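First the structure, in the form of structure tokens, and then the observations on it.
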Amino acid sequence: MANLGTKLVAPRDAQDEGGVSPVLRDRDGVPLVATVVPPAIDFEDFSAQPVVGEEDGKDRDSYFQRHRGSDATAVDAMPSESESSSESDHEVQSSKQKKQNAKSSNKGTADEKKPKQANRSQSYTRYSLSNEHFKSKGRFSKRDGRLRISINETVNSGYMAKAIGQSLRHHLDIPHRRHEHRRLGRDEVPSELDGKSNARIPRLNIVIMVIGSRGDIQPFIRIGKILKEQHGHRVRIASHPVFRDFVEKQNELDFFSVGGDPAELMAFMVKNPGLVPNLSTIWEGEIQRRRTAMATMFDGFWRACINTSDDEKDLNNLKMMDEKSPFIADAIIANPPSMAHVHIAEKLGVPLHMMFTFPYTPTQSFPHPLATIVKQKSNVDANYVNFMSYGLVEMMTWQGLGDIVNRFRERTLGLEPVSSLWAPGALFRMQVPYTYLWSPSLVPKPKDWGPEIDIAGFVFLDLAGKYKPDEELEEFLNAGEPPVYIGFGSIVVDDPNALTQMIFEATKKAGVRALVNKGWGGFGSSNDETPDHIFMLGNTPHDWLFPRVKAVVHHGGAGTTAIGLKCAKPTMIVPFFGDQPFWGAMVAAAKAGAHECIPYKNMTVDKFADGIKQCLAEEAQQNIQKIADSIVAEGDGAENAVKYFHESLPLAGKNSMRCSLLEDRAAAWHVRHSSLRLSPLAAQLLHEQGKLKWSDVKLLRHYQWNDFDGPGEPITGTVSAVKHGMYGIGEGMGMVPVRIAKHVKQREAHDRKKQELQRRKSERRRRKAAPQEHEEVSSGATTTERPETNRGMTQSTLNSTISLDPTEPLAQEVAGDVGLGMKQAGGALLTLPNDLHVAIAQGLHNAPRLWGDATVRKPVRITGFKSGCLAARKEFVYDIRDGWSGLILHPKGEWDDGDTMSGKLVGLGIGVGKGIGGFVLKNVNAIVAPPAYFGRGLVRYVEKRSEGPGSKLFIRRAQILRGKRDLASLADEDADEKSDDGKSDVTSDVRLRVSEGWSAFESTWKQQDQDAERSGKRA
């Protein structure tokens, strides 16, 4: 990445209207320090990490101590391979560390000669940020793919401390920021959450979005089962199609396929362990395939939130005509790598809750697990370097994925694109709730994390109860001493045979029997071809297997690590990529097995054997037992996660999700010109009684997630708008030939397949006819009777691809392609003037932030004609008012901030400059902005009238149908209860509650009207 020449600004007391406080910004007013959205996606076997008691936490604490303020310089984010937790090996390991540091220093010197060349070619393997106060550089390590970061202040002015300290003060000023959708405090938790009331939590449609391996999805299944079985929610798991049977048949949860192949993702991550892929991967075209897969999964996650099922060929699904209940998400739970979560939550206006196994939230306590802090090149306090590492890692990630996300926002969701510099900090700025699924005893909650972040503990899914082992496995386990388990889960390596041979030799040298899990990597072969001390395993639940082994060796996936420690089995971790070295270092520091965390690429037979021997030592056995006891004492992490999820929901107050009439149901409608919130069932009952028309209600939004305020100034906004418009015009017309060629090729392929099928059928008929004719001639008998044919087995072929001929002539398809291209190009051309106008208006609105004007207001989000008119009115009124008032407030504020007379005079001059600049820009924008926002409102209104899936009309129909299905479900409950006791009053009770509640609101409205009339007469 070329040098951005970024200027960081730490506003004095800046706080945008609406509760969003500025953080570190560049010249465009764009924040640079942000939270982390999926870097290299680490798809690992899940659960969590060991719990360490007070005595055993010393070594772990020493690891964290190296990243805290006690050390004035930054150090490596992870213990190096040569670090040892053994006292006796300290001198030897220290010598190794010096040699390794010398090598890395030499390597760094050689690499420093390359940045200029890389910058010329816009390399995304490096970055460079600088201004007059500080310099920061970073590059990706070829050894482990992690981002190596160095940060230096050019003068010892304490700039970083002031800038980040200002950001943290705003971040932690929770009471002034959380406003409408803040999280409930511990003393405000609804009584139904603490068991003091019989009132239930509203039943919600919850989508759980997960990208990753089987280990990644397991904890979410456990959480989903609790949400469904204990709280009555309708839970849908949205993930890769390979997990359908695991979710639906084995765990009885709804499943929605979003596409993607986790095995391919595993192979890609092992080959490219860091944020940036290697050159061979680029040449092979793997990058484009992965980007295409991510785009497909984004669309799949959106469909999971609005579609009845994932069968896109089922027209009844799209039209909501079959027997299945419509599904519109009321809340979203997601792991960060799924990425589409916050954008879909913004579109639907629903709560979002993130859950994961390693830190994605910026903190001063430790660096991002995918970052390595280079101590030789950093002179900034370790706390600040740790904090900035999260934003820098995320910024690099968005350089490669930002265009896909914005395309998804625009084309699928109909939302405005966001800046690739602004977007990485969205979850951090908006206080999105996070629940981390590790032990708080292992990694305590940092003090600079707000109340929206919790650490729940480990999550385990019980799989042992349904498992029946093979007889061969039972015989091997009973044939001698307990073996050592060796497995690398979903990891796919380039040369599995070499790794298999290393395992065979190392276990033989260590003198142990071993169970080797084949996993997805294809290790080993059949048990007939393996040594006597080795048994090749298939898919075996760890919670069944680990109690029967002596020690475990694996890749450091959080789940495998957690279950091994829970079962008190000494652990050796051989990390491959991502956060695995982080967790490997935790286990090594706790002396819970092998003394070193040695990466797979550096592993040898001798090191492998030594690690196994260390696991069998008495010290490891004692330490691991203490950790296991701590895990048991901490309780069920899944239940804690569900509790934190419910606490984060707005279940009380002005913006409660509850229906105003039926508090045990979630509201989906808002009665116009009132505060009345209605569930689909309540609205349906009122509509049937003639008390409510569907035009009287509008869809209810519980959250407004987007905090992107547009371009930082008019120039970049204008360039971006023109670029976007021209791209839309060019794509609309340029894709016409591509679509036509695609349809022609599809028809040709279809014809070839049909011809081949006909040829095969004719061949089969000839083969059948030949022996039949021979038999008839030999017997001299004939028959006209046709044998009866069973058609049941042929019904599945009626909808096959080959049987379905094109429904339209080729000319009509071509005309449709041309029409679609002209529609896209014409739409982009028609909206280009308004897009340009809005970009200029937003740029003028935000430009005063460039010199630290804290009075710039957060603009109104334009979603339709009314909001467009509201935005135009507010921009006109507030810009004029703020422009004139700024002539007084800015000089006064700068004068008050001065400590000395000279300082006050300098501040007075700065304040006058701010006031005059704001006066000019704000008054100009008061004239420019209203027509732009009015036009944007019209455009949004037209877009919302579309009939496609996910449109406003589509969602309205789905909520109406949902109310009808809920009412039918009440009738079914009545029928069930009548069959049991001969009487039922479920439906009548609900009808009565709705009628009484509506009457109460009507009387209140009448009283308000009467009071208003009296006030008017007095006036």
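Details
- If you filter region 936-956 down to residues that are under 28 Å from the mean Cα position of the chain (by Cα) and charged (D, E, K, R), you find that the one that is modelled with the lowest pLDDT is 944.
- Restricting the first member to region 839-854 and to residues that are within 17 Å of residue 720 (Cβ to Cβ), and the second to residues that are hydrophobic (A, V, I, L, M, F, W, C) and in a helix (DSSP H, G or I), the beta-carbon pairs closer than 6 Å and six or more apart or on different chains are 839/721; 841/928; 841/929; 841/932; 844/921; 847/921.
Here's the yes/no breakdown for (1) under 33 Å from the mean Cα position of the chain (by Cα); (2) open to solvent by less than 50 Å² (accessible area, probe 1.4 Å); (3) at negative phi:
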residue: 706; (1), (2), (3): yes, yes, yes
residue: 714; (1), (2), (3): yes, yes, yes
residue: 728; (1), (2), (3): yes, yes, yes
residue: 732; (1), (2), (3): yes, yes, yes
residue: 749; (1), (2), (3): no, yes, yes
residue: 756; (1), (2), (3): no, no, yes
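- Residues located in region 200-219, provided they are within 19 Å of residue 263 (Cβ to Cβ) and either assigned to a loop (DSSP other than H, G, I, E, B) or in contact with a strand residue (DSSP E or B) (Cβ under 8 Å, 6 or more places away or on another chain) (or both): 210, 211, 212, 213, 217
- If you check 175, 219 for being closer than 30 Å to residue 381 by Cα and either open to solvent by less than 10 Å² (accessible area, probe 1.4 Å) or at pLDDT below 55 (or both), only one passes: 175.
- Residue selected from region 321-345 under the condition of a type outside the set (Val, Ile, Thr) and open to solvent by 10 Å² or more (accessible area, probe 1.4 Å), by the criterion nearest to residue 446 (Cα to Cα): 343
- Applying the criterion of being in a strand (DSSP E or B) and of a type in the set (D, E, K, R) to the residues of region 667-704, the residue that is surrounded by the fewest Cβ atoms within 10 Å (Cβ to Cβ) is 698.
- Test result for residue 637, on the phi > 0 side of the Ramachandran plot and out of contact with any strand residue (DSSP E or B) (no Cβ under 6 Å at 6 or more places or on another chain): no
- Among the residues making up region 845-898, those that are over 30 Å from residue 952 (Cβ atoms), part of a helix (DSSP H, G or I) and of a type in the set (A, V, I, L, M) are 847, 850, 880, 887, 888, 889.
- Among the residues of region 889-905, those identified as over 16 Å from residue 918 (Cβ atoms) and surrounded by 14 or more Cβ atoms within 10 Å (Cβ to Cβ) are 895, 897, 898, 904.
- Residue in region 647-663 that is within 17 Å of residue 233 (Cβ to Cβ), open to solvent by 10 Å² or more (accessible area, probe 1.4 Å), modelled with pLDDT of 90 or more and among the basic types (Lys, Arg) present: yes
- Hey, residue 481 in a helix (DSSP H, G or I), at pLDDT 85 or above and surrounded by fewer than 20 Cβ atoms within 10 Å (Cβ to Cβ) or not: no
- Some residue of region 792-814 being within 40 Å of the chain's Cα centre (by Cα) and either at pLDDT 75 or above or buried (at least 16 other Cβ atoms within 10 Å of the Cβ) (or both): yes
- Complete set of residues in region 443-464 that are of a type in the set (Val, Ile, Thr) and touching a helix residue (DSSP H, G or I) at 6+ places or on another chain (Cβ under 6 Å): 459
- Within region 403-426, the set of residues being part of a helix (DSSP H, G or I), crowded, with 19+ Cβ neighbours inside 10 Å and not charged (D, E, K, R) comprises 405, 406, 408, 412, 423, 424, 425, 426.
- Some residue of region 519-542 being touching a His at 6+ places or on another chain (Cβ under 8 Å) and modelled with pLDDT of 85 or more: no
- Flag: residue 466 does not match the condition of being more than 23 Å from residue 571 (Cα to Cα), at pLDDT 90 or above, within 38 Å of the chain's Cα centre (by Cα) and not aromatic (Phe, Trp, Tyr).
- Residue pairs whose Cβ atoms lie under 7 Å apart, separated by 6 or more positions or on different chains, with the first residue in region 821-834 and open to solvent by 30 Å² or more (accessible area, probe 1.4 Å) and the second of a type in the set (D, E, K, R), are 824/731.
- Qualifying helices (runs of 4 or more DSSP H) (wholly inside region 529-629; at least 1 residues being open to solvent by 10 Å² or more (accessible area, probe 1.4 Å) and over 22 Å from residue 367 (Cβ atoms)): 542-545, 558-566, 605-615
- Scanning region 864-900 for residues that are of a type in the set (Ser, Thr, Tyr) and either over 40 Å from the mean Cα position of the chain (by Cα) or within 13 Å of residue 911 (Cα to Cα) (or both) returns 885, 900.
- Boolean, residue 913 is assigned to a helix (DSSP H, G or I) and either modelled with pLDDT under 90 or under 14 Å from residue 845 (Cβ atoms) (or both): no
The values are calculated or read from the model by the stated rules, or taken from the named source; none is laboratory data. What you see is a predicted model, and the numbers here were worked out from it, not measured in a lab. As a convention, Cβ positions derive from the backbone with ideal geometry for all residues, glycine included, and neighbour counts pool all protein chains shown. With ligands, DNA and RNA removed, areas are computed over all heavy atoms of the protein, side chains included. Shrake-Rupley method; radii C 1.70, N 1.55, O 1.52, S 1.80 Å.
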